[in-house]
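All remarks here apply to the structure that follows.
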Amino acid sequence: VNVKAIMLNAITTAARQKGMTGSNPSVCAIACTKDGKIVAIGKTSYGGRPHAEVNLINILKRIEAPANKQLVLFTTLEPCSHYGQTPPCTKAIIESNFFDTIIIACTDPDPRVNGRGIKQLIDAGLIVESGVLADKASQDIYKEYFFARTNQMPFISLKLAMSLDGKIATVSGDSKWISSEQTRKWTNFKRSFYDAILIGSGTYMADNPELTCRTDGLQAFSPKRLVLSNNLTLVKDGFSIVKGQNGIAAAVKDIYNQGVNTLLIEGGARLATSFLMQNLVQELVIVKSPMLIGSDGIDGVRFLQTLNIKDAKRFDLQNYFNIDGDLVEFLTLQA
Ligand SMILES: NC(=O)c1ccc[n+]([C@@H]2O[C@H](COP(=O)([O-])OP(=O)(O)OC[C@H]3O[C@@H](n4cnc5c(N)ncnc54)[C@H](OP(=O)(O)O)[C@@H]3O)[C@@H](O)[C@H]2O)c1
C-alpha cells in the first residue's frame, strides 16, 4: 500500500474544505483495503458535524462493507476522544468493527484530545501509525487551527490595501477603490476561509461595509462580522459589537470564546496599529496598488513608536503574487 499517496489524497481533500467546517477542523478520512484500494471517503460536514470518521462509517454501512476488521482507516487528524456535542469518533471507529489499522497524519493539540484518541484506539487493540505526512497536513490544513488550540486565541491575519506610499485612504477618508476589481474579487473569496472578520468602528462608520463573501457558491461560508468599539451600541443586522475597553488581548480572547479560530482584520489604521503594537498579528496580507496618494492621505499603520531601525517590526516574506497590476504579499512577524 502506498501509504503516503493515500494520505496525500486525504490532505488535499481536507484542505479544499478549509473554512467550511465551522469551528471544527477540516478532516478527511479514507477507508482502504489492505492492498490499497479506496473503498470510501468521508469528510467533515459543512458547519463541522458530523465529523469525517462518522461520515465515512455511515457510507461504509450504506454500501454494506463487511464489518470484519479488514479495512485500513487513513485520517488527516487524530480522531476525537471526548464527549462534546457528539460522541467520540474513537468510539464510533472501534464499535464499527470495520478497521484493524488506523493511519493518522497529525495528533490533535486540543487539550481534550492530545494523544488520548490514539491511546483509546491502541487500548482497543487497533494498530495505529501516527505522523504520516504530518508536516504537510499541519501546513496545508491545520496551521491556523493548531495555532488557535495551542495558544487559545484565534490565528489573526491583517489585510490592508495600500497605495505605493502606504496610504489606505485619501485625506477625505475615501478608499474606494485602492485595489483593482480582480484583486477585490480575490480578497472577497479569501473571506470564506475565516471564521470571523473584525473591523474598527472608524471603518464601520466611514465605509458601511458588508464584509460578506460574495463568491458564487461560497456565500454560505461568509464569516461572522464583528466591529470593535467602546462607544457604538447598535450595528446593522448580521454584525456584532466587540468591546475593546479591557484591551485588545481581552477582546481577542472574547472572540476566541465565540468559537473563532481564524480572524481576518480588514482595517482600519487604528485597529491595525493596535494589533501590530501588541504583536497579535500572525500573518500580514498587504495588497499594494500602483498609485500614490500623498502624505495628506491616511497611513495604513500609525505610530509604532519605533526609535531605532534595529527595533522596527520585521517580517518574513512568505509568498507574493500579482493580480491585475496589484502586488499581494504574505508576511509573518519575525520571532
Ligand atoms: N484600504 C484599506 O485596506 C482600508 C481598510 C479598512 C478601512 N480603511 C479606511 O480606514 C479609515 C478608518 O480607519 P480608522 O483608523 O479611522 O478607524 P478604525 O481603525 O477602523 O477604527 C478605530 C476605532 O475602533 C475602536 N476601538 C476600540 N478599541 C480599540 C483599540 N484597542 N484600538 C483601536 N481601535 C479601537 C475605536 O472606536 P470607538 O470609539 O467606537 O471605541 C476606534 O476609534 C477609513 O477611511 C476607511 O476607509 C481602509
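Laid out as a table, the results:
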quantity: From LYS253, LYS313, residue being part of a loop (DSSP other than H, G, I, E, B), of a type outside the set (Ser, Thr, Tyr), open to solvent by 50 Å² or more (accessible area, probe 1.4 Å) and away from the ligand (no atom under 12 Å from the Cβ); calculated: LYS313
quantity: Test: residue in region 313-321 that is among the acidic types (Asp, Glu) and over 21 Å from the mean Cα position of the chain (by Cα); calculated: no
quantity: The lone exception for GLN219 - which of (1) away from the ligand (no atom under 13 Å from the Cβ); (2) open to solvent by 20 Å² or more (accessible area, probe 1.4 Å); (3) in contact (Cβ under 8 Å) with a residue 12 or more places away in the chain; (4) not β-branched (Val, Ile, Thr) it fails; calculated: (3)
quantity: Residues of region 24-46 that turn out to be open to solvent by 50 Å² or more (accessible area, probe 1.4 Å) and closer than 23 Å to GLY84 by Cα, as a count; calculated: 2
quantity: Some residue of region 197-216 being part of a helix (DSSP H, G or I), closer than 22 Å to SER274 by Cβ, near the ligand (Cβ under 10 Å from one of its atoms) and aromatic (Phe, Trp, Tyr); calculated: yes
quantity: Qualifying residue in region 64-72 (condition: assigned to a loop (DSSP other than H, G, I, E, B) and open to solvent by less than 30 Å² (accessible area, probe 1.4 Å)); calculated: yes
quantity: Selection count, region 206-220, where residues are modelled with pLDDT of 95 or more and of a type in the set (A, V, I, L, M); calculated: 1
quantity: Qualifying residue in region 160-174 (condition: touching a helix residue (DSSP H, G or I) at 6+ places or on another chain (Cβ under 7 Å), within 15 Å of the ligand (Cβ to nearest atom) and in a loop (DSSP other than H, G, I, E, B)); calculated: yes
quantity: Odd one out for GLY84, checked against (1) of a type outside the set (S, T, N, Q); (2) surrounded by 15 or more Cβ atoms within 10 Å (Cβ to Cβ); (3) under 24 Å from GLY22 (Cα atoms); calculated: (2)
quantity: Subset tally (residues that are touching a residue at least 40 places away in the same chain (Cβ under 8 Å) and either open to solvent by less than 40 Å² (accessible area, probe 1.4 Å) or farther than 13 Å from ALA161 by Cβ (or both)) for region 185-195; calculated: 6
quantity: Residue selected from region 284-309 under the condition among the β-branched types (Val, Ile, Thr) and part of a strand (DSSP E or B), by the criterion nearest to the ligand (Cβ to nearest atom); calculated: ILE298
quantity: Residue match in region 150-159 (condition: at pLDDT below 95, more than 9 Å from the ligand (Cβ to nearest atom), at negative phi and in contact with a Pro (Cβ under 7 Å, 6 or more places away or on another chain)); calculated: yes
quantity: VAL128 being within 21 Å of ILE30 (Cα to Cα) and either crowded, with 19+ Cβ neighbours inside 10 Å or touching a His at 6+ places or on another chain (Cβ under 7 Å) (or both); calculated: no
quantity: Test: residue in region 261-283 that is modelled with pLDDT under 95, farther than 24 Å from VAL328 by Cβ, assigned to a loop (DSSP other than H, G, I, E, B) and within 11 Å of the ligand (Cβ to nearest atom); calculated: yes
quantity: Any hit, region 51-62, residues being free of Cβ contacts under 8 Å to residues at least 40 places away in the same chain, of a type in the set (Val, Ile, Thr) and either open to solvent by less than 60 Å² (accessible area, probe 1.4 Å) or within 28 Å of TYR256 (Cβ to Cβ) (or both); calculated: yes
quantity: Residue that is least open to solvent (accessible area, probe 1.4 Å), among those in region 316-335 that are assigned to a strand (DSSP E or B) and acidic (Asp, Glu); calculated: ASP326
quantity: Residue in region 85-138 that is modelled with the highest pLDDT, counting only those that are part of a loop (DSSP other than H, G, I, E, B), of a type in the set (Val, Ile, Thr) and closer than 23 Å to GLY47 by Cβ; calculated: VAL113
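Quick grid of which residues meet (1) open to solvent by 40 Å² or more (accessible area, probe 1.4 Å); (2) closer than 28 Å to LYS143 by Cβ; (3) basic (Lys, Arg):
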{"position": "SER175", "(1), (2), (3)": "no, no, no"}
{"position": "THR183", "(1), (2), (3)": "no, yes, no"}
{"position": "ILE197", "(1), (2), (3)": "no, yes, no"}
{"position": "LEU211", "(1), (2), (3)": "no, yes, no"}
{"position": "SER229", "(1), (2), (3)": "no, no, no"}
{"position": "THR233", "(1), (2), (3)": "yes, no, no"}
{"position": "GLY247", "(1), (2), (3)": "no, yes, no"}
{"position": "ASN257", "(1), (2), (3)": "yes, yes, no"}
{"position": "VAL260", "(1), (2), (3)": "no, yes, no"}
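The values are calculated or read from the model by the stated rules, or taken from the named source; none is laboratory data. What you see is a predicted model, and the numbers here were worked out from it, not measured in a lab. All Cβ positions, glycine included, derive from the backbone under ideal geometry; neighbour counts span all protein chains shown. Keep in mind that these areas ignore ligands, DNA and RNA; they rest on the heavy atoms of the full protein, side chains included. Shrake-Rupley method; radii C 1.70, N 1.55, O 1.52, S 1.80 Å.
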